[in-house]
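Structure record follows, encoded as structure tokens.
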Amino acid sequence: MTDDVIDIVRKLAKTDYYQSMYSCAKELNMHIFVNTTDLTQLQLWLLSYMGMYSTINLDIAMGEINERVLENDVYEDAYLMYKKKQFSKDLKKNLPITKGVSEQGSPQSQWSFKKRKQV
């Protein structure tokens, strides 16, 4: 039963109507649901899938992937897992672990505050 509901919610979240609602809600700060707190599990699923498809559609628009990813749920999930792993790898590569920290673990940089010159 739950799998059927999730499939329906996923199909709804993928449609242009719900993608437009999600985009407008983010940009115009409007509410998608009447209740703004204590969301039901169904509402959380819908929001999650709308965010997921928004990310995929943005990547398609930017030319990083083609629309073939949207042909199948497995392709969508696989792409998002790949993207998450790539992000983790890039994050690990670009973050210097010891830069700016002394051997004792305290920061080496210092702030210097000066008074403004009186005019």
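Values in this text are rule-based calculations from the coordinates and carry no lab data. This is a predicted model, so every value here is computed, not measured. Cβ coordinates were reconstructed from backbone atoms using ideal geometry, including for glycine residues, and neighbour counts include every protein chain displayed.
Observations on the structure shown:
- Partners of LYS85 within straight-line reach, counting aspartates and glutamates whose Cα lies under 20 Å from its Cα and excluding those fewer than 8 residues away in the same chain: ASP59, GLU64, ASP73, GLU76, ASP77.
- Counted by neighbouring Cβ atoms within 10 Å, the residues GLU27, GLU64 run from fewest to most as GLU27, GLU64.
- The chymotrypsin sites (Phe, Trp or Tyr not before Pro) of the range 23-102 meeting both criteria, a DSSP state outside H, G, I, E and B (loop) and at most 14 other C-beta atoms within 10 angstrom of the site's C-beta, are PHE33.
- Geometric descriptor of the range 2-94, per residue, is 139 Å³ (volume of the convex hull of the Cα atoms).
- For the range 42-52, Karplus couplings with θ = phi - 60° (6.51, -1.76, 1.60), whole Hz, Gly/Pro x: 5, 5, 5, 4, 4, 4, 4, 5, 5, x, 4
- Within the shell defined by Cβ-Cβ distances under 12 Å, the residues around ARG10 carry a net charge of -4, with Lys and Arg each +1 and Asp and Glu each -1.
- Multiplying the residue separation of VAL74 and TYR17 by 0.36 nm and removing their Cα-Cα distance gives an extension gain of 18.3 nm.
- Proximal charge balance of ASN66 [Cβ under 15 Å; K/R count +1, D/E count -1]: -3
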